[in-house]
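The values are calculated or read from the model by the stated rules, or taken from the named source; none is laboratory data. Computed from a prediction, not measured in an experiment: that's the story for all the values here. FYI the Cβ positions are ideal-geometry reconstructions off the backbone, even for glycines, and counts take in every protein chain you see.
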Amino acid sequence: MTASRHLLVRSVNWLGDAVMAMPALQRLREALPHTRISVLTHQKLADLWTLQPAVDAVIPFAADETVWRVGRRLRALDCDTALVLPNSPRSALECWLARIPRRIGRAGAWRRLFLTEALPDFPGAVPMRKRTPAEVHTRIANGAAPDRFPAQSHHAWHYLHLASALGARAELLPPRLAVPAEELARIKSDFVLPLATPLLGLVPGAEYGPAKRWPADRFAAVAQEILRRHGCHCVIFGGARDAEVAATLTAALPPGTATNLAGRTTLRQLVAALAVCRVVLTNDTGPMHLAAAAGAAVVVPFGSTSADLTGPGLPDDTRHQLIRAQAPCSPCFLRECPVDLRCMMGITVEQVTAAVDVAWHRAG
């Protein structure tokens, strides 16, 4: 089949998922060097895709924009192929309404009507099914081993599998966000960060829910010890919803040793600020993926979710330190723990401090 002249890639809507989809875009650019690649994305992620070198154009849509209006706007682009990354019916319908001749995506209820090529899930796919509270209690009572999954189960493979329908190599490579050098040079002065002091990033929030959040007082204890050992400066990240936990963490650190950026950055500024950190201690959340893709080493306490399925970067990247307690019910994929949050409480300050120390020396 003739290579696409203008490829539309319909982006996923969550920050972390979008970063995990970037290897697929990087492989598409490799396979289709002369194809124009445009990304259709929710406006909240538009700045993210401008930092992906594989993309030629970014087309944002508003949260309240109807599928019919999006479809009409897309017709003017004259795309000949669409790659639909999300699993939702709406994302496939948008491309059908745009009258794009070739439309590729994952098979699913109602979606087949709008796709010309409906692909099965990738080999080795593991669904992130939430356990019921009863299942959690049963696994604890039986002393079950926590679930582990092979490297080929990582969600990045889902997007690579879709891209392979267009000739891209289905081989994993690390997501890459290319922050311009002038933005990296400017970000410290923009937020009055110390110029010559190494930075430790801290991301104590997680939008998904409390089951993904390692306790803030433990973040503070680790940060205090790393400050003592390495004379660094802490930068606290998060969205507007993380204002309370970020303020609590800032107050727990010695005066003048931390800068609270929660709710103060644009997405593009967030990527740049994470990129200038030597190490980022973070929960499993969108900024975790951003930090790794921007080049920072990350340390992550994993609880209700699986590092095997949605961990940062490549599964075997030794820059990153991914820490798990051996909780029988983990991963449960629940927003709130129905028992005692043992998956998080079982990860100690000493473990995480040691992991940050390892990442700190390797990043040097």
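A few remarks follow.
- Looking at 112, 99, 176, just one residue is of a type outside the set (A, V, I, L, M, F, W, C), at pLDDT below 95, closer than 26 Å to residue 40 by Cα and more than 25 Å from the chain's Cα centre (by Cα), and that residue is 112.
- Restricting attention to region 123-163, the residues being of a type outside the set (A, V, I, L, M), without any contact (Cβ under 8 Å) to a residue 40 or more places away in the chain and in a loop (DSSP other than H, G, I, E, B) number 4.
- If you go through region 336-363 and keep only what is within 23 Å of the chain's Cα centre (by Cα) and of a type in the set (Asp, Glu), you end up with just 336.
- The lone criterion from (1) assigned to a helix (DSSP H, G or I); (2) free of Cβ contacts under 8 Å to residues at least 24 places away in the same chain; (3) within 19 Å of residue 188 (Cβ to Cβ) left unmet by residue 244 is number (3).
- Going through (1) on the phi < 0 side of the Ramachandran plot; (2) buried (at least 20 other Cβ atoms within 10 Å of the Cβ) one by one, residue 216 falls short only on (2).
- A Cβ distance below 9 Å, combined with a sequence gap of six or more or placement on separate chains, defines the contacts here; from region 219-240, residues that are assigned by TED's automatic domain parsing to the domain that holds residue 192 reach residues that are part of a loop (DSSP other than H, G, I, E, B) and aromatic (Phe, Trp, Tyr) in the pairs 235/191.
- Exclusive hit being surrounded by fewer than 22 Cβ atoms within 10 Å (Cβ to Cβ) and under 19 Å from residue 206 (Cα atoms), set 314, 290, 322: 322
- Within region 178-197, tally of residues that are touching a residue at least 40 places away in the same chain (Cβ under 8 Å), not β-branched (Val, Ile, Thr) and not in a helix (DSSP H, G or I): 3
- Residue count, region 244-264 (criterion: under 20 Å from residue 51 (Cβ atoms) and touching a helix residue (DSSP H, G or I) at 6+ places or on another chain (Cβ under 6 Å)): 0
- Only one of the numbered conditions (1) closer than 22 Å to residue 341 by Cβ; (2) of a type outside the set (Asp, Glu); (3) at pLDDT below 95 is violated by residue 196, and that is (1).
- Test: residue in region 257-268 that is at pLDDT below 95, under 27 Å from residue 177 (Cα atoms) and of a type in the set (Lys, Arg): no
- Matching option when the condition is in a strand (DSSP E or B), closer than 25 Å to residue 336 by Cα and in contact with a Phe, Trp or Tyr (Cβ under 7 Å, 6 or more places away or on another chain), among 202, 249: 202
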